[in-house]
Amino acid sequence: MTRDEAERKIQDLSLQLEEHNHRYHVQANPQISDREYDELLERLIDLEAQFPDLRLTDSPSQRVGGEPSSEFPTAAHGTPMLSLDNSYSREDVEAFDKRVRGALPDEDIEYVAELKIDGVALSLVYEDSRLVRAVTRGNGVAGDEVTANARTIRSIPLRLRREGVSCEVRGEVYMRTADFDLLNQRQHQNGLPPFANPRNSTAGTLKQQDPKAVAARPLRYFAYWTDSDGATTHLQRMASLEDLGLPVNPATKQCESLKEVFAFYDHFAALRPDLDYEIDGVVIKVNDLEQQERLGFTSKSPRSAMAFKFDAEQAQARLLDIRLQVGRTGVIAPVAVLEPVHVAGSTVQRATLHNADEIERKDIRIGDLVILEKGGDVIPKVVGVVAGERPEEATRYVFPDRCPACDAPTSRIEGEIAVRCANPACVGQLKRRLDHFSGRNAMDIEGLGTAVVEQLVDAGWVQDVGDLYQLTAERLSTLARLGEKSAANLVAAIDASRQRPFDRVLFALGILHVGSTVARTLTRHFPSIEALSCATPQQLEEIDEIGPTIAASVHEFLHDENAATVIEKLRAARVQLENASDGEAGLNPTEEGPLSGKTVVLTGTLQTMSRDHARGLLERMGAKIAGSVSSKTDLVVAGEKAGSKLKKAEALEIEIWSEERLQQSLGEADLNS
Ligand code: IVH
């Protein structure tokens, strides 16, 4: 094929594919079979491979996902992406209506009611009708630029259906519940933890670094706003979005009165369980755009719109059994085993029963028909029993007084409701600690799912998180349902986790009350595990966000013998136990102190403290610790039997401190406690 022919063919195929795409994903009216579509796409990909420079910037081949990126650039929004005020009752909505009418006296007000899609907000920027940028809401002012990922979403047009249009479009990315269920089945098969709900999996998918992985998960889009001009009402705006080729949600109603708004709300509250995507309420908007403008904005939201949220979705199911789950902190939680039931976007078979007291207070018995609720939160909960539905054989549940995982006696701390297993060597706790350690926000070890963790602990190969780094592919491949390839992948994933920054490692350790934000705060003030270990609870509390509970918990953890063993193993495995020295992402400004900006080398044996301890204290004085002496070294702290490093320091005329001199400086810096 000549170059000219190829050029024409590429353009023709690109146009055809986008047209079919629109028919299938936006209009739900396909004209060719999936197979025919795939054949066209393959021909295009082939041609583009032969003539890479002829590929159009908005080529449909990008929908299968481009190259992975290491991080998302931040992009500012043209105008801030605000949120909506929420209301939960008709009175709140009536108050909203009053405010609107009060601000626009004697004017006719018309509302539009639409569904509030429970997904993730995404802004799309089109220039000359081409999609050039897609940005998440972020903090409202700027978000992550996820353009390559957005290009894989088939209902988002890469090219608008009118030429020469430059505009911004805003809307919601979401996942259908059926697709979500399939995705979770796949997660389970791969030994990965399930996503809590379609919204979480949408958010997680959009933030994937590999667009191919995004392409493999069926995300969708509904547009609800654009600045493309010409419209005088919100409804016209929606019509113009449709003209441009964007998918808009068909459930929209023009309402002359609040009565009609409430009817719309009631209708969809009832229909909600049958919809194939999740909604969490209704959005009410003033239809007239000029009125919208005059109503203006508060700092957070437009005064012309309001979200009227639905109550948490409820369902009924038979309680088949009660199982106990030992958490990573030893809390023993009762879990309801239910007959499968569909609620709020997913199939539920487990729900929390909170604690022993709640089971008793609500008189929940095995065999009962129970009411479960799934709100905005992740885990459904049993909220009560359906009266009059108790079968004769229903049995009362007796909370055991031994840990179901390790059989140690359980205890209940004064003033706490939770029943705990106090055995630090409990295998149940260890398994959950490992789950936490490998979690997405922690060490992110792909392939280390619950099924593998169970086997590793039961085989006795892993007694703490540090042991993970000793596992070999050979050994792992002997585990059930783990072939050679998966074993090798798992070892590679464990290996890669050595690169996780210190704050994630600290979070991964699972210290009570230390979530990822607290971990980040701590590492910002204490750049290494040693520095943190040296801190007294009082010193920890000096950080604004750290209160006495967290401070005590961190201090206790770092002075625990078992934790010390784990930390030693992690150190030996070269896991990051200090901030990266390049001050990455602004997370590690070196401590301000008398040694700020100075590079210090420690050598020889110290009498009054360990080398690690000294290192931590020096870091707290602002020093950067180096391993060897060079012309860049500012100071050498020399203990007894210091050898070649001391000699070199002398030769280079670098300042040298004895241990005594160090103690003196520590005293001056108030660090010798
Ligand atoms: S209008 C100023 N319409 O709900 C924000 N938002 O806090 C104007 N949402 O994250 C938003 N469905 O992404 C609007 N039909 C709809 C919506 C909708 C879902 C999301 C939106 C935002 C949140 C509101």
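Taking N as the number of residues in region 369-453, what is its Cα Rg relative to 2.2 N^0.38 Å? Don't jump to the answer; show the numbers that get you there.
On the way: Rg = 17.7 Å, N = 85, 2.2 N^0.38 = 11.9 Å.
Against the compact-globule rule of thumb, the ratio is 1.48.
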| task | Report, in debye and to the nearest 20, how large the dipole of the chain comes out about its Cα centre when Lys and Arg carry +1 and Asp and Glu carry -1 on their Cβ. | result | 1160 debye
| message | 5 Å is the cut-off here: which amide hydrogens, built 1.01 Å from N in the peptide plane, fall below it relative to GLY639, excluding neighbours closer than 5 in sequence? | response | THR603, GLY604, THR605
| said: What are the ³J(HN,Hα) couplings of region 461-477, residue after residue, when phi is run through the Karplus curve with 6.51, -1.76, 1.60 and θ = phi - 60°? Round to Hz, x for glycine and proline. | reply: 6, 10, 10, 7, 4, x, 5, 4, 6, 9, 6, 10, 4, 4, 5, 5, 5
| field | Sorted by Cβ density within 10 Å, fewest first, the residues MET81, MET1 | value | MET1, MET81
| request: Give the share of C-alpha pairs in each 5 angstrom bin for region 140-271, from 0 to the last occupied bin, in whole percents, shortest bins first. | output: 2, 9, 15, 17, 16, 16, 12, 8, 3, 1, 0
| query | What list of whole percents do you get for P(r) of region 1-142, with Cα-Cα distances grouped in 5 Å bins up to the one holding the largest distance? | reply | 2, 7, 11, 13, 12, 13, 11, 9, 7, 6, 4, 3, 2, 0
| request: Enter the Cα centre distance for the pair region 474-543 and region 546-581, rounded to the nearest angstrom. | output: 9 Å
| Put +1 on the Cβ of each Lys and Arg and -1 on the Cβ of each Asp and Glu in the chain; which of LEU206, VAL383, LEU430 then has its Cα farthest toward the positive end of the dipole? | LEU430
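How high is the relative contact order of the chain, given as a whole-number percent (alpha carbon pairs under 8 Å, six or more residues apart)?
Values: 1209 pairs, mean separation 59.2, N = 673.
Relative contact order, the chain: 9 percent.
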| request: In whole Hz, with x marking every Gly and Pro, tabulate ³J(HN,Hα) for region 311-325 from phi via Karplus 6.51 cos²θ - 1.76 cosθ + 1.60, θ = phi - 60°. | output: 5, 4, 6, 10, 8, 10, 7, 7, 7, 8, 6, 10, 10, 10, 10
| Burial ranking of peptide ranges 631-638, 355-362 (average Cβ count within 10 Å, highest at the top) | 631-638, 355-362
| remark: Full extension between VAL335 and ASP444 adds, at 0.36 nm per residue less the Cα distance, a length in nm of 36.6 nm
| query | region 264-303: which trypsin sites (Lys or Arg not before Pro) are DSSP loop and have at most 12 other beta-carbon atoms within 10 angstrom? | reply | LYS300
| Which distance in nm do the two modelled labels at ASP634 and ASP458 give, with both placed 7 Å along the Cα-to-Cβ direction? | 5.6 nm
| task | Rounded to the nearest 0.05, what FRET efficiency do ALA263 and ARG161 give with R0 = 41 Å and r taken as the Cβ-Cβ distance? Could you check? | result | 0.75
| remark: The farthest towards the positive end of the charge dipole of the chain, of the residues VAL335, VAL120, GLN236, given +1 on Cβ of Lys and Arg and -1 on Cβ of Asp and Glu, is VAL335
| said: Under the 0.36 nm per residue contour assumption, what length would be gained going from the current alpha-carbon distance of GLU414 and ARG498 to full extension? | reply: 26.3 nm
| task | Over the alpha-carbon set of the chain, work out the extent along each principal axis and list the three values in angstrom, largest first. | result | 85, 79, 62
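Taking 2.2 N^0.38 Å as the expected size of a compact globular protein, what ratio does the Cα radius of gyration of region 94-218 give against it, to two decimals?
Working: Rg = 18.5 Å, N = 125, 2.2 N^0.38 = 13.8 Å.
Scaled against compact globular proteins, the figure is 1.35.
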| task | Would you mind calculating the relative contact order of region 382-462 from Cα pairs under 8 angstrom and at least 6 residues apart, reporting the percent as a whole number? | result | 16 percent
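Viscosity 0.692 mPa s, temperature 37 °C: what is the translational diffusion coefficient of region 347-412 from Stokes-Einstein with a Kirkwood Rh over Cα pairs, rounded to a whole number of µm²/s?
Values: Rh = 13.5 Å.
The calculation lands on 243 µm²/s.
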| field | Helix 548-558 axis, angle to the chain major axis (alpha carbon atoms, nearest 10°) | value | 60 degrees
| Taking Rh as the Kirkwood radius computed over C-alpha pairs, what is the Stokes-Einstein D of region 508-613 at 10 °C in a medium of viscosity 1.306 mPa s, expressed in µm² per second? | 106 µm²/s
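With +1 assigned to the C-beta of every Lys and Arg and -1 to the C-beta of every Asp and Glu, and no other charges, what is the dipole magnitude of region 1-41 about the Cα centre in debye, to the nearest 20? Show your work: numbers first, answer last.
Working: 5 positive and 10 negative charges, 12 e Å.
Computed charge dipole of region 1-41: roughly 60 debye.
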| query | Got a sec to turn the phi values of region 362-369 into Karplus ³J(HN,Hα) couplings, 6.51 cos²θ - 1.76 cosθ + 1.60 with θ = phi - 60°, whole Hz, x for Gly and Pro? | reply | 8, 6, 8, 10, 5, x, 5, 8
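Given R₀ = 35 Å, what would the calculated FRET efficiency be for SER516 paired with GLU360, taking r from the Cβ atoms and rounding to 0.05? Let's see the in-between values first.
Working: r = 35 Å, r/R0 = 1.00.
Efficiency, from the Cβ-Cβ distance: 0.50.
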| task | Work out the charge dipole of the chain with +1 on the Cβ of Lys and Arg and -1 on the Cβ of Asp and Glu about the Cα centre, then indicate which of CYS167, VAL141, SER301 is farthest towards its positive end. | result | VAL141
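Region 183-274: which GluC sites (Glu not before Pro) are DSSP loop and have at most 14 other beta-carbon atoms within 10 angstrom?
Counting only loop positions with at most 14 other Cβ atoms within 10 Å, the GluC sites (Glu not before Pro) in region 183-274 are GLU256.
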| task | Just flag the GluC sites (Glu not before Pro) in region 1-104 sitting in loop per DSSP whose Cβ has no more than 16 other Cβ atoms within 10 Å. | result | GLU71
| Which of the aspartates and glutamates could a cross-linker bridge to LYS598, judged by Cα under 15 Å and excluding same-chain residues fewer than eight apart? | ASP582, GLU619, ASP634, GLU655
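Figure the gain on full extension for TYR88 and ARG318 (residue separation times 0.36 nm, minus the Cα-Cα span) and round it to one decimal in nm.
Numbers: separation 230, 0.36 × 230 = 82.80 nm, distance 2.94 nm.
Difference between extended and current length: 79.9 nm.
Kindly state, to the nearest 0.05, the FRET efficiency for THR549 paired with ARG350, given R0 = 25 Å and r defined as their beta-carbon distance. List each step's numbers first, then the result.
Values: r = 30 Å, r/R0 = 1.19.
The computed FRET efficiency comes out at 0.25.
Hey, got the dipole for region 369-521? About the Cα centre, +1 on K and R Cβ, -1 on D and E Cβ, debye to the nearest 20?
On the way: 18 positive and 20 negative charges, 63 e Å.
It comes to approximately 300 debye.
Bear in mind that the values in this text are calculations on the coordinates, not laboratory data. Please read all numbers here as calculations on a predicted model, not as lab measurements. Virtual Cβ from ideal backbone geometry, glycine too; neighbours counted across all protein chains shown.
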